[in-house]
Amino acid sequence: MKILIIDDSTAMRMIVRKTLRLAGFEGHEFVEAEDGAKGLAAITAAAPDLVLSDWNMPNMTGIELLEKLNQTGVKVPFGFVTTEVTPDMRQRAAAAGAHFVVAKPFTPESFRDALGAFIR
Amino acid sequence: MNTALQSSATTPKAPALPGFEKVRRFWSPHAARWAAKILPGEFFVTAHDEVITTILGSCISACIRDPARGIGGMNHFMLPEDQTVGRNAWLEGAGSLATRYGSFAMESLVNELMKLGAERSRLEVKLFGGGRILATMSDVGAKNIEFVHRYLRLEGFRIAAEDLGADCPRHVEYFPRSGVVMLKRLKALSVRDIADQETRYRRRLLAPAPPEDVELFA
């Protein structure tokens with residue numbers, strides 16, 4: 001599978017990748033983008049099978065990206081991995097068709113719970 | 001720093017930003033400003049001319065601001081003990097509890113600043129703490145210092161000033177509007193209380209994650 005990780009933190013992209021491996025999701029291809037706008041370009045260019053996106057990012061936030069995908073009719077399994085999770089954010093994520101929200105600092109177990117249904 | 005005419009009566013306390021209402025704030029006569037006192041595991045961000053204060057043993061505080069916007073904040077964190085990786089295994093241990101937690105503490109502060117309009121490329125970072133305050137404890141401070149240096153290098157942030165390590169606790173006052181830091185290295189007399197507070201914080205870090213850290217939508 002091709003997994004796109006969108007986060008403006010280099011450290012966090014590295015941590016997400018490593019945690020996926022610790023959660024037992026091995027042998028996948030990773031593509032990375034450092035903000036929502038670059039994430040949108042990467043979705044078009046790389047056609048990932050799953051998108052893991054941060055919420056707060058410069059240029060385009062994670063939720064703006066997901067809403068943009070909906071407007072343009074692009075369908076890709078999409079979930080958030082984010083520092084801040086408020087009830088409003090959960091509601092907006094669910095309404096936009098996100099499959100899950102994982103709060104940082106996550107654990108390999110929380111990745112297994114959230115991603116088990118999406119990663120083969 | 002300011003005229004003696006200012007007091008809590010003449011300087012109204014600006015409301016705390018959403019999410020920071022629980023941080024204790026008091027009038028600091030010598031700083032002639034309202035002061036927010038943060039405890040281990042907390043952070044505080046302000047767009048006002050305030051002071052943020054904390055006492056550090058082996059914990060680290062990163063003081064970060066956007067000089068162009070006059071907004072800034074301070075965190076106060078340490079890495080949880082992590083049995084899953086060896087020492088100096090930052091990259092190999094990128095999925096470790098310690099690295100995940102430390103990165104979370106740093107990112108929480110940076111994110112709040114960016115929400116207030118800070119530019120990532122302009123952020124100025126000052127680092128304090130990481131002392132070896134008890135000879136009987138393993139050198140937790142050194143591990144915290146190593147983490148924060150590697151994290152900032154990886155993220156491309158510049159360190160404008162730091163006072164780290166050594167055998168003493170520290171009292172830090174940070175003025176985000178100007179970037180000024182007033183730092184006092186404390187005597188060993190105060191070590192026991194600080195060490196006890198940090199030990200309690202460390203135990204909290206090892207508690208299992210709350211179940212609400214994952215939400216699946218149908």
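The values are calculated or read from the model by the stated rules, or taken from the named source; none is laboratory data. Keep in mind the model is a prediction, meaning the values are calculated, not measured. A quick note on method: Cβ atoms are made from the backbone with ideal geometry, for glycine too, and the neighbour counts reach across all protein chains shown. These area figures cover heavy atoms from the full protein model, side chains too; ligands, DNA and RNA do not enter into them. Shrake-Rupley method; radii C 1.70, N 1.55, O 1.52, S 1.80 Å.
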Check: If B:Ala89 satisfies every condition in (1) open to solvent by 50 Å² or more (accessible area, probe 1.4 Å); (2) within 14 Å of chain A (Cβ to nearest Cβ); (3) modelled with pLDDT under 95 but one, which is the exception?
Finding: (1)
Check: What number of residues in the range B:96-117 are facing chain A (nearest Cβ under 7 Å), crowded, with 23+ Cβ neighbours inside 10 Å and of a type in the set (A, V, I, L, M, F, W, C)?
Finding: 0
Note to self: Quick check on B:Ile159: is it within 15 Å of the chain's Cα centre (by Cα) and surrounded by fewer than 17 Cβ atoms within 10 Å (Cβ to Cβ)?
What the structure shows: yes
Check: Looking at B:Val172, B:Val180, which is the one that is loosely packed, with under 15 Cβ neighbours inside 10 Å and β-branched (Val, Ile, Thr)?
Finding: B:Val180
Note to self: Within the range A:105-120, does at least one residue satisfy the condition of being more than 10 Å from chain B (Cβ to nearest Cβ), open to solvent by 30 Å² or more (accessible area, probe 1.4 Å) and either outside any helix (DSSP H, G or I) or among the hydrophobic types (A, V, I, L, M, F, W, C) (or both)?
What the structure shows: yes
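Pick out the one residue from B:Thr53, B:Thr46 that is open to solvent by less than 30 Å² (accessible area, probe 1.4 Å), modelled with pLDDT of 95 or more and more than 30 Å from B:Ser138 (Cβ to Cβ).
After ruling out the rest, the residue left standing is B:Thr46.
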